[in-house]
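So the structure is just underneath, and the comments pick up after that.
The values are calculated or read from the model by the stated rules, or taken from the named source; none is laboratory data. Note that the coordinates shown come from a computational prediction; the quantities given were computed from them, not determined experimentally. Don't worry about glycine lacking a Cβ; one is built from the backbone with ideal geometry, like all the others, and counts go over all protein chains shown.
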Amino acid sequence: MRLTTKGRFAVTAMIDVAMQSTGGPTTLAGVAERQRISLSYLEQLFGKLRRSGLVESVRGPGGGYRLARAPAAISVAAVIVAVDEPLDATQCGGRENCHGDERCMTHELWASLNTHILDYLQSVTLADLVAQQVQKAGVVRLEDHRPQPSAPAARAPGTAIAH
């Protein structure tokens, strides 16, 4: 299985929208700037996300996109599936014809992996990912305000350090 940029960018953009939700609808131009994703690419992704019922568009001044459901009700799997990202590790796409018209010897292995991946991605929500980002930002802010140790004083070349 390979997760392409389509799925990665969709999840990233949805986290961004969820994090910006307290300020009203989020513009795709803002998401594009913050996440360094092409605006035209985001427009394509958000069309699919809107059709899947994960986001709503708000027209007019101050418009943009907002989540159609609570972040805790949107799984990563739902986002990836909404943008037509395949979640399949089998070579045959689940058709069981990987070895000519027959199942390959490892079909069950890859099909089982698909199940585990899907279960995991369904268990992770946008709320979980937003919480991780908030926690990460909090840690960074704390570190930014800690006093830094002073640098050792410069010494002239050839001088010894006293112990």
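Candidates are the residues of region 43-69 that are of a type in the set (A, V, I, L, M, F, W, C) and modelled with pLDDT of 95 or more; the one that is farthest from Lys6 (Cα to Cα) is Ala68. Cβ separations smaller than 7 Å between residues 6+ apart or across chains give the following pairs from region 52-76 residues that are of a type in the set (Phe, Trp, Tyr) to residues that are in a helix (DSSP H, G or I): Tyr65/Val17; Tyr65/Leu28; Tyr65/Phe46. Among the residues making up region 54-88, those that are part of a loop (DSSP other than H, G, I, E, B), surrounded by fewer than 18 Cβ atoms within 10 Å (Cβ to Cβ) and not basic (Lys, Arg) are Gly60, Pro61, Gly62, Gly63, Ala68, Ala70, Asp84, Pro86, Leu87, Asp88.
When Ser112, Ser40 are checked against the criterion of being modelled with pLDDT under 95 and assigned to a helix (DSSP H, G or I), Ser112 stands alone in meeting it. Among the conditions (1) in contact with a Leu (Cβ under 6 Å, 6 or more places away or on another chain); (2) closer than 14 Å to Lys6 by Cα; (3) touching a residue at least 60 places away in the same chain (Cβ under 8 Å), the only one that Ala89 does not satisfy is (2). State whether the residues of region 6-24 include one that is assigned to a loop (DSSP other than H, G, I, E, B) and within 19 Å of the chain's Cα centre (by Cα). Scanning region 6-24 turns up no residue that is assigned to a loop (DSSP other than H, G, I, E, B) and within 19 Å of the chain's Cα centre (by Cα).
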